[in-house]
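What follows is calculated from the coordinates using simple rules that are stated; it is not laboratory data. Just so it is clear, the structure is predicted and the values come from calculations on it, not from any experiment. Cβ atoms come from the backbone with ideal geometry, glycine included; neighbour counts cover every protein chain shown.
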Amino acid sequence: PGSRSSLISDGVYHAELSLRGRKEPMPFSMVVDMNRELRPPVSAADLFENSVEFLKSRPGQDAKSMLLELARKIIQFSHAEVLGSLLSFSLTMIEGPLLHTLSYGGRTRLYLVRRGKAEQVAVSAVSRNAGAGGQVTNSEVESGYCSLPLQVGDKVILCTDGLYSMVSGLEEFA
């Protein structure tokens, strides 16, 4: 099974994951914010492509389990590569009528636009200190996770501080 991936904008990526044993593709999106001035050893695009490959290797898991496991791997990698405080990300996956999301680091945001009104999804971002020393606990990762039911016509906006700090209301993007 393959996937179709695309770069939406700088640091925002999307893929339709075709996973073995599933009738419908699972939409997966990721927004990554890295301090490029410090020349991280991996690009956001590489991090996304590795994430897609990781998810494709777990076709039997539910969306929540896949996102939690992926987030732990990214956090462990970021601390091993000394990116801990330089990396923020949000992950989303749609499974049936549910939007699953997980945020880490605090500089990325996810908004749900419903009936023309944008609201920030209430996700407590995992602390950047999580995973110090290469270990991250399940409770640290799960604190950044939430799921919510989607309705027909809903839109999801993933962005970094480059957008949300410049725009007072995201309704204009709805």
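With a Förster radius of 30 Å applied to the beta-carbon distance between Leu148 and Asp46, the computed FRET efficiency rounds to 0.50. Legend: distances between Cα atoms for Lys23/Lys56; Lys23/Lys73; Lys64/Lys155; pairs beyond 22 Å are Lys23/Lys73.
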